[in-house]
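Notes follow once the structure below has been shown.
Bear in mind these aren't lab numbers, they're just calculated from the coordinates by the rules spelled out. Quick caveat: nothing in here was measured; it's all calculated off a predicted structure. In this analysis, Cβ positions are derived from the backbone assuming ideal geometry, glycine residues included, and neighbour counts consider all displayed protein chains.
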Amino acid sequence: MVTGIMSATKRKKNIRFIAAKKETVKSKEEIILDCNKLAKGFAYYELVGFAISVDNKWLAFAEDITGRRLYQIRFKNLETGQITKDLILNTGSELAWHNDNKSLYFVEKDAKTLRPFVVKKHIIGSKKNETIFTEKDDTFIAGVSKSKDEEIIFIGSYSSTTTEFRFKSANDSKKFELFLKRQKGHEYYPEAAEDEFYIKSNLKGPNFKIVKCQQKLRDPKNGKSCRRMIPKS
């Protein structure tokens with residue numbers, strides 16, 4: 001239904017809806033998710049996150065229907081306009097599509113503490129979800145995201161002063177790899193572009209710096225495979 005999608009979040013009746021255009025900004029705007037309708041029957045409703053598959057067929061969206069920040073995920077077929085029977089409970093708001101256009105990575109929360117700590121994968125139409133990663137240290141939370149070039153999926157572990165990431169290609173079935181082992185006090189945040197990683201890091205630089213490394217040369221044991229990126233004058 002939607003190609004070259006350009007999404008927008010708008011306000012109407014104090015509840016937002018998601019609109020998209022086909023191919024160009026001059027195309028007619030279409031509402032693909034109307035939260036005014038979704039909110040009917042609920043005393044509280046909030047759309048907290050959404051993601052569209054790379055083939056523009058599937059919209060996954062996370063919603064809060066209780067106000068407890070314990071979300072549920074549903075799926076809409078953008079070609080038919082139908083919302084499927086798939087329903088995932090007790091989740092966070094972060095969503096990342098695999099490029100097979102049927103598998104979605106999400107984070108499950110502890111129903112009591114609301115701590116997001118388990119990353120799972122849901123295949124559309126499946127009744128069971130596969131556990132991909134569990135953050136066992138209760139001082140950390142877990143998250144999932146996708147690189148801006150749509151090629152890499154990241155799993156992040158976060159504490160107040162330390163981070164650790166795992167990653168995999170969004171185009172195959174290989175397992176996640178450790179990006180760089182966690183080190184107390186080291187915060188780093190990777191992003192991918194073409195065949196390189198760009199990393200924001202506070203290692204030996206409390207105000208952060210940008211380093212980069214080739215994906216195939218990355219060393220998960222230390223940061224020596226990455227070099228400082230010096231801006232051009």
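Just a few scattered comments:
- Extension gain, Thr84-Ala19: 0.36 nm per intervening residue step, less the Cα-Cα distance, totals 21.4 nm.
- Note on segment 146-219: Cα-Cα pairs beyond 14 Å make up 59% of the total pair count.
- Value of D in µm² per second that Stokes-Einstein yields for segment 115-172, Kirkwood Rh from Cα pairs, at 25 °C (0.890 mPa s): 197 µm²/s
- Here segment 49-184 is assigned +1 on the Cβ of each Lys and Arg and -1 on the Cβ of each Asp and Glu. Its dipole about the Cα centre then comes out at about 360 debye.
- At an R0 of 30 angstrom, the distance between the Cβ atoms of Lys37 and Ser126 translates into a FRET efficiency of 0.65.
- Other-chain or far-sequence residues with amide H under 5 Å of Val144's (modelled H): Gly156
- Extension gain, Ser27 to Ala193, is 56.9 nm, computed as 0.36 nm per intervening residue step minus the present C-alpha separation.
- In loop segments of segment 57-87 as defined by DSSP, the trypsin sites (Lys or Arg not before Pro) with at most 15 further C-beta atoms inside 10 Å of their C-beta are Arg68, Arg69, Lys85.
- In this simple spin-label model, placing a label point 7 Å from the Cα along the Cα-to-Cβ direction at both Thr161 and Gln72 gives a separation of 4.1 nm.
- Extension gain, Lys112 to Lys204, is 29.4 nm, computed as 0.36 nm per intervening residue step minus the present C-alpha separation.
- Within segment 19-72, the chymotrypsin sites (Phe, Trp or Tyr not before Pro) that combine a DSSP coil assignment with at most 10 other C-beta atoms in a 10 angstrom radius are Tyr44.
- Least to most buried among Ile153, Ile124, Ile52 (fewest other Cβ within 10 Å first): Ile124, Ile52, Ile153
- Shown is the FRET efficiency for Lys148 and Lys102, computed with R0 = 25 Å from the Cβ-Cβ distance and rounded to the nearest 0.05: 0.70.
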